[in-house]
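Below is one structure, written out as structure tokens, with a few remarks after it.
Bear in mind that the values in this text are calculations on the coordinates, not laboratory data. All of these numbers come straight from a predicted model, not from anything done at the bench. Because the Cβ atoms are built from the backbone with ideal geometry, glycine has one as well, and the counts that use them run over all protein chains shown.
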């Protein structure tokens with residue numbers, strides 16, 4: 001695509017320097033051996049200038065592309081636990097729990113068309129907000145959803161019908177953010193779908209358009225096709241630093257932000273799993289949720305349970321030093337990484353919440369010694385980019 005064409009579009013112009021060339025991919029070693037002093041002193045400054053406007057409080061970020069922008073809370077309520085496997089969710093208590101999160105300042109919710117009743121619960125919740133709290137609170141609440149289509153032809157009618165379904169379930173005229181997923185990159189239908197979604201955005205049915213689990217190469221292709229992407233939702237944690245290998249470089253050039261999940265690894269990055277051996281039956285907490293089993297496999301691929309225990313001990317030292325939970329340290333570390341606008345924490349609505357731990361995150365500032373302690377262990381783990389592939393590749397392996 002010619003640079004002259006790219007320069008006419010705000011998204012495409014920023015990626016023009018990459019068009020027709022291979023994205024420079026620095027060695028993993030150079031990524032792991034991070035300058036802790038730079039992290040401690042400049043990362044928060046980068047977040048201030050890139051992820052949010054200076055007048056925003058530290059718990060807020062803005063994701064944008066051209067004239068499209070959306071303000072979010074940097075700790076996002078992840079609603080995937082409504083999809084089953086984490087306990088039965090009752091609508092009444094679940095919606096009451098959503099109000100507790102909002103009243104504590106956590107007004108951004110993330111869901112998907114396939115997270116069981118998540119979109120329906122949001123619709124019940126936002127309807128109650130309108131009736132009981134009024135316009136002021138409604139204007140602060142954000143509902144981010146995802147569309148994960150089957151591998152069929154992406155016609156305008158098919159795309160629009162699915163977006164209309166989410167709008168109806170969520171009881172909104174316009175989706176705050178639509179995050180798009182695609183299973184098979186060999187099928188270029190994802191570009192057709194995204195062009196239809198862009199048209200629907202221009203028609204007012206979507207406010208901002210985003211991706212979930214796309215790799216660096218395809219993100220670049222999408223941007224070169226002038227699709228106004230504001231963010232890419234990817235797995236990112238102390239163990240899984242893949243987004244910082246190559247993805248963050250492209251994001252820093254183009255302005256696309258990262259929204260992360262798996263940041264506390266389903267709860268593995270917490271006091272609950274410190275100094276326990278999960279390989280011995282009944283010796284420690286059970287791996288009794290889909291997330292715990294998923295992220296235990298990530299630990300095995302990264303370096304094993306013994307090395308993970310060393311990481312937990314260093315995180316525990318840092319958490320004791322600052323008087324916060326281990327999970328707060330894990331999330332703060334990822335929020336401080338380049339290009340990261342927000343991180344999700346799963347909410348087991350009506351069953352369990354982590355509101356207090358989440359509030360600690362915004363009071364926490366990690367220093368040079370904290371980064372050095374954590375890096376002393378993480379640099380000994382494997383590069384999951386080599387083991388699994390780029391962001392989202394774990395969902396596309398045969």
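Rounded, prolate or oblate: which fits region 320-373, taking a ≥ b ≥ c as square roots of the Cα gyration tensor eigenvalues, rounded meaning a/c under 1.5, else prolate when a/b beats b/c? Please list the in-between numbers first.
On the way: a/c = 2.75, a/b = 1.52, b/c = 1.80.
Here region 320-373 falls in the oblate category.
Given the peptides 66-77, 316-327, arrange them by the average over their residues of other C-beta atoms within 10 Å, most packed first. Intermediate results must be reported in sequence, preceding the final value.
Details: 66-77: 20.0, 316-327: 18.3.
Peptide ranking by packing, descending: 66-77, 316-327.
Taking the beta-carbon count within 10 Å as an exposure proxy, list 253, 377 from fewest neighbours to most. Walk me through the numbers on the way to the answer.
Values: 253 17, 377 20.
Ranked by crowding around the Cβ, least crowded first: 253, 377.
If you average 1/r over all unlike Cα pairs in region 93-156 and invert the result, what Kirkwood radius do you get in angstrom?
13.0
At 7 Å along Cα-to-Cβ for each site, give me the label-to-label distance between residue 186 and residue 171 in nm.
4.5
For a label point 7 angstrom out from the Cα of residue 138 toward its Cβ, which stretches of region 93-122 have the backbone nitrogen within less than 19 Å?
Residues 95-96, 98-100, 102-103, 107-109, 119-122 fall inside that zone.
Is the shape of region 298-398 best called rounded, prolate or oblate, per the rule: a/c under 1.5 gives rounded, else a/b larger than b/c gives prolate, else oblate, with a ≥ b ≥ c the square roots of the Cα gyration tensor eigenvalues? Provide the component values of the computation, followed by the final result.
Working: a/c = 1.72, a/b = 1.23, b/c = 1.40.
The shape class here is oblate.
Can you sort 251, 391 so the residue with the fewest Cβ neighbours within 10 Å comes first? Let's see the in-between values first.
Values: 251 23, 391 29.
With the fewest neighbours first, 251, 391 line up as 251, 391.
Once you put a point 7 Å from the Cα of residue 294 and another 7 Å from the Cα of residue 131, both along the Cβ direction, what distance in nm separates them?
Modelled inter-label distance: 3.4 nm.
Please express the shape of region 290-338 as an equivalent ellipsoid: the semi-axes are the square roots of 5 times the eigenvalues of the C-alpha gyration tensor, given largest first in whole angstrom.
Values: eigenvalues 87, 37, 21 Å².
Sorted largest first and rounded, they come to 21, 14, 10 Å.
Cα gyration tensor of region 354-398, axes a ≥ b ≥ c as square roots of the eigenvalues: rounded (a/c below 1.5), prolate (a/b > b/c) or oblate?
Values: a/c = 4.11, a/b = 1.55, b/c = 2.66.
Cα axes put region 354-398 in the oblate bin.
Please list 235-242, 101-108, 279-286, 208-215 highest first by mean number of surrounding beta-carbon atoms within 10 Å per residue. Let's see the in-between values first.
Working: 235-242: 26.0, 101-108: 19.4, 279-286: 9.5, 208-215: 24.4.
Per-residue mean Cβ counts within 10 Å order the peptides as 235-242, 208-215, 101-108, 279-286.
At a 10 Å Cβ-Cβ cut-off, how would you order 161, 64, fewest neighbours first?
Values: 161 10, 64 20.
Ascending number of Cβ neighbours within 10 Å: 161, 64.
Which value, in nm² and rounded to one decimal, describes the direction-averaged projected area of the C-alpha convex hull of region 56-167?
If I average the Cα hull's projected area over directions, I get 8.9 nm².
Taking the Cα atoms of region 156-239, what is the range of coordinates along each of the three principal axes, in descending order and whole Å?
Each principal axis gives a Cα extent; for region 156-239 these are 37, 30, 20 Å.
By how many nm would the segment from residue 320 to residue 158 lengthen if fully extended, with 0.36 nm per residue of separation less the alpha-carbon distance? Intermediate results must be reported in sequence, preceding the final value.
Details: separation 162, 0.36 × 162 = 58.32 nm, distance 5.24 nm.
Gain on stretching residue 320 to residue 158: 53.1 nm.
What order do you get for 302-308, 128-134 when each peptide is scored by the mean count of other beta carbon atoms within 10 Å, highest first?
Details: 302-308: 17.1, 128-134: 12.9.
Put in order of decreasing packing, that is 302-308, 128-134.
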